[in-house]
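The values are calculated or read from the model by the stated rules, or taken from the named source; none is laboratory data. Worth saying up front: this structure is predicted, and the values here are computed from it rather than measured. Methodologically, a virtual Cβ is constructed for each residue, glycine included, from the backbone with ideal geometry; neighbour enumeration extends over all protein chains shown.
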């Protein structure tokens, strides 16, 4: 092997970066979420908007001009047909995801799903893949109802083996994989309670970014029935600071809306005040009710 094959100080340079929808989390990345990485969005409990946030990132990637894919391992997506006979999905539309730039891969054995992901990256040029979810990907033996002792541990083993292959492939083709994951309660041999992510240790090792979402029940400053308070914890971040928790809110069906974040921050700073249903910015009335205040911010920056 010739020494000329190696150069000092040369490594992978991401081809593109994309923003995470929560600005208070996004600021902890150097330039954004980069191409060539594996990330997880884990849910601490049910209904924590994991898929919503992943699809918002996917929409941002589409805005860069790239195709994305959604691996529907849970068979959760249903399509409608519009008046012109074309398939549509209002949820995707409301989150800003274009079906014209989206491949949807249905549930099948996990071995085949991993092959599909590799084909999408290598042959179709897909730059961002949402895998929904790690837990729902099951070995072909499970789908064929051949579960038994031989299947125990196979789930984690396949994940680990495929992640080794994908980690290099993603960099080679400047693509990023975003996997939806769950945390589940476990009882150790000592009897203490805790939570751990699903899918085996490989996912934690090969993921450069791990984000954990959790719904909170405390009264929130915006006090709007359509807004769900959410805590986002940056558990692992190879591109900036880790172990950061931020509070935000998710609007049902629309995800994180920048103007709601802006409204909350201005209220935290004391620049926007609320009396009854009326909002004022630096003493000037901007609207009655949260929706009107947000609309004013949209129109006036």
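Restricting attention to the range 246-265 and to residues that are in the same structural domain as residue 289 (by TED's automatic domain parsing) and out of contact with any helix residue (DSSP H, G or I) (no Cβ under 8 Å at 6 or more places or on another chain), the residue that is modelled with the lowest pLDDT turns out to be 264.
Given 108, 127, which one is out of contact with any strand residue (DSSP E or B) (no Cβ under 9 Å at 6 or more places or on another chain) and either under 22 Å from residue 199 (Cα atoms) or at pLDDT 95 or above (or both)? So that I can check it myself, show each step before the final result.
Working: 127 fails: out of contact with any strand residue (DSSP E or B) (no Cβ under 9 Å at 6 or more places or on another chain).
None of the others qualify; the one that does is 108.
Taken over the range 56-104, residues that are without any contact (Cβ under 8 Å) to a residue 12 or more places away in the chain and buried (at least 17 other Cβ atoms within 10 Å of the Cβ) amount to 0.
Highlighted here are the helices (runs of 4 or more DSSP H) found entirely within the range 197-301 that include at least 3 residues which are farther than 24 Å from residue 177 by Cβ: 258-268, 290-300.
Residue by residue, here is whether (1) part of a helix (DSSP H, G or I); (2) at pLDDT 90 or above; (3) more than 21 Å from residue 122 (Cβ to Cβ); (4) in contact with a helix residue (DSSP H, G or I) (Cβ under 6 Å, 6 or more places away or on another chain) holds:
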position: 147; (1), (2), (3), (4): no, no, yes, no
position: 161; (1), (2), (3), (4): yes, yes, no, no
position: 164; (1), (2), (3), (4): yes, yes, no, no
position: 167; (1), (2), (3), (4): yes, yes, no, yes
position: 171; (1), (2), (3), (4): yes, yes, no, no
position: 178; (1), (2), (3), (4): no, yes, no, yes
position: 186; (1), (2), (3), (4): no, no, yes, no
position: 189; (1), (2), (3), (4): no, no, yes, no
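Hey, could you check the range 8-58 for residues that are in contact with a helix residue (DSSP H, G or I) (Cβ under 6 Å, 6 or more places away or on another chain) and in a loop (DSSP other than H, G, I, E, B) and say which is farthest from residue 96 (Cα to Cα)? Taking the candidates together, the pick is 12.
Let's see how each residue does on (1) surrounded by fewer than 18 Cβ atoms within 10 Å (Cβ to Cβ); (2) under 22 Å from the mean Cα position of the chain (by Cα); (3) more than 28 Å from residue 32 (Cα to Cα):
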residue	(1), (2), (3)
243	yes, yes, no
256	no, yes, no
288	yes, no, yes
295	yes, no, no
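Being outside the structural domain of residue 155 (by TED's automatic domain parsing), free of Cβ contacts under 8 Å to residues at least 24 places away in the same chain and surrounded by fewer than 19 Cβ atoms within 10 Å (Cβ to Cβ) is a property that does not hold for residue 225.
Residue by residue, here is whether (1) touching a strand residue (DSSP E or B) at 6+ places or on another chain (Cβ under 7 Å); (2) farther than 20 Å from residue 255 by Cβ holds:
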site	(1), (2)
4	no, yes
23	no, no
54	yes, no
59	no, no
71	yes, no
89	yes, no
